[in-house]
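To keep things clear, I will list the structure first and then write my remarks on it.
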Amino acid sequence: MSSPRPSLEEAYTKLSRLLSDESMSAQQRSIVGSLLSTVDHLAQAGSDLLDLKIADTALQEMSDAFDMFRPYRHVKKLTMFGSARTKAHDPIYELAVRLAKRLADHDWMVITGAGPGIMEAGIEGAGADRSFGVNILLPFEQGANALIALDPKLVEMRYFFTRKLMMVKESDAYAVLPGGFGTLDEVFELLTLLQTGKAQPAPLVLVDTPASGYWEAWNTFLSDHAVASGYISAEDEALYRIVQSTDDAMEEITRFYANYDSLRMVGANMIVRCHVTPTPEQVEQLNDEFGDILLAGRIETTGPTSAEQATQDRLELPRLTMQFDRMHYGRLRTMIDRLNSFVL
């Protein structure tokens, strides 16, 4: 639920306390200072009332979502997208329930849009204790479904862009089931973010039943028109996988994290954190297969960088470093698959 807006006097008090808060790190102070500078610019730039309302509402919605997710940052999460119109007797609904239950059984949590259809199926399968709801407020649709409506792990938003931001930022994997305009918008935005590196690499499974053919037809269109015409590269098809069972979905999701953990850009270098250090022979194999996505140099093992040490960022994990060209994210996804294959 949204936090109450403070009065003007309360806002001044909080601002004064914020400026004297010595518990923040130097980096936090710098970013808070930048936020305050942005607010000052909005106030001084002749912004009209609507501009100010949009900025205020968006920031408040993000703040509410950060508060909700913060205690669960250590838990793997999958965001499930799909049609709000899917009925409970539909085989696709039943597939979504089974997948969410399997995820919960493997200690994952599930994020949905909190509405009916596939969103309700995800919460039904995972259970309320392992579910989050990020609901969009629409005048023509009902609010959050009964399974999540009164749960503290529900946040409600007016804007689609803040809702999508939170559902992507907090997720370690994505499952998309058949749906309409909203679902297709979500899958194409996900692919755009993954293709351009604006989202962290993550498994994206397009889940369907064998009888449906929904994603196969979608994939045929992409191959016959978008790839064939050069609008997207064939290598970007590695960014997603079409599956027709919970077993295949779970294999794709869990396999992605078999060795790979996370990545971080430090200057011109991409640091890839993993669970098991590749052998020298395996590092050589990575260079042979993926040297074409480097700007210069080679893929090498490394220790934590000074930037990672300053923020205590996954220091216990082994690392690879490389000068990734920041263009071929489909190939990067294939490299992550190869890294995982070393331990499977």
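Restricting attention to segment 216-250 and to residues that are under 21 Å from the mean Cα position of the chain (by Cα) and not charged (D, E, K, R), the residue that is surrounded by the fewest Cβ atoms within 10 Å (Cβ to Cβ) turns out to be 242.
Results for (1) touching a strand residue (DSSP E or B) at 6+ places or on another chain (Cβ under 6 Å); (2) farther than 26 Å from residue 73 by Cα, shown as yes or no for each residue.
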position: 259; (1), (2): yes, no
position: 270; (1), (2): yes, no
position: 316; (1), (2): no, no
position: 337; (1), (2): no, no
position: 344; (1), (2): no, yes
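Looking only at segment 121-154, residues that are touching a Ser or Thr at 6+ places or on another chain (Cβ under 8 Å) and over 20 Å from residue 185 (Cβ atoms) come to 7 in all. Here is the figure for segment 285-312: residues that are under 19 Å from residue 259 (Cβ atoms) and in contact with a helix residue (DSSP H, G or I) (Cβ under 8 Å, 6 or more places away or on another chain) total 8. Looking across 51, 64, 40, one residue alone is within 23 Å of residue 157 (Cβ to Cβ) and loosely packed, with under 13 Cβ neighbours inside 10 Å. It is 51.
Scanning segment 223-250 for residues that are closer than 17 Å to residue 96 by Cβ and among the acidic types (Asp, Glu) yields 247, 248.
Checking 63, 37, 30, 83 one by one, the residue that is hydroxyl-bearing (Ser, Thr, Tyr), part of a helix (DSSP H, G or I) and within 28 Å of residue 183 (Cβ to Cβ) is 63 and no other.
Within segment 124-147, the residues that satisfy the criterion of being touching a strand residue (DSSP E or B) at 6+ places or on another chain (Cβ under 7 Å) and under 11 Å from residue 100 (Cα atoms) are 126, 130, 131.
Taking strands (runs of 3 or more DSSP E) that fall entirely within segment 231-343, which contain at least 3 residues that are out of contact with any Pro (no Cβ under 7 Å at 6 or more places or on another chain), at pLDDT below 95 and closer than 30 Å to residue 208 by Cβ? Reasoning before the result, please.
Working: elements: 241-243, 260-266, 269-274, 300-302, 319-322.
Qualifying strands (runs of 3 or more DSSP E): none found.
The values are calculated or read from the model by the stated rules, or taken from the named source; none is laboratory data. Note that the coordinates shown come from a computational prediction; the quantities given were computed from them, not determined experimentally. Neighbour counts run over all protein chains shown; Cβ positions are idealised from the backbone, glycine included.
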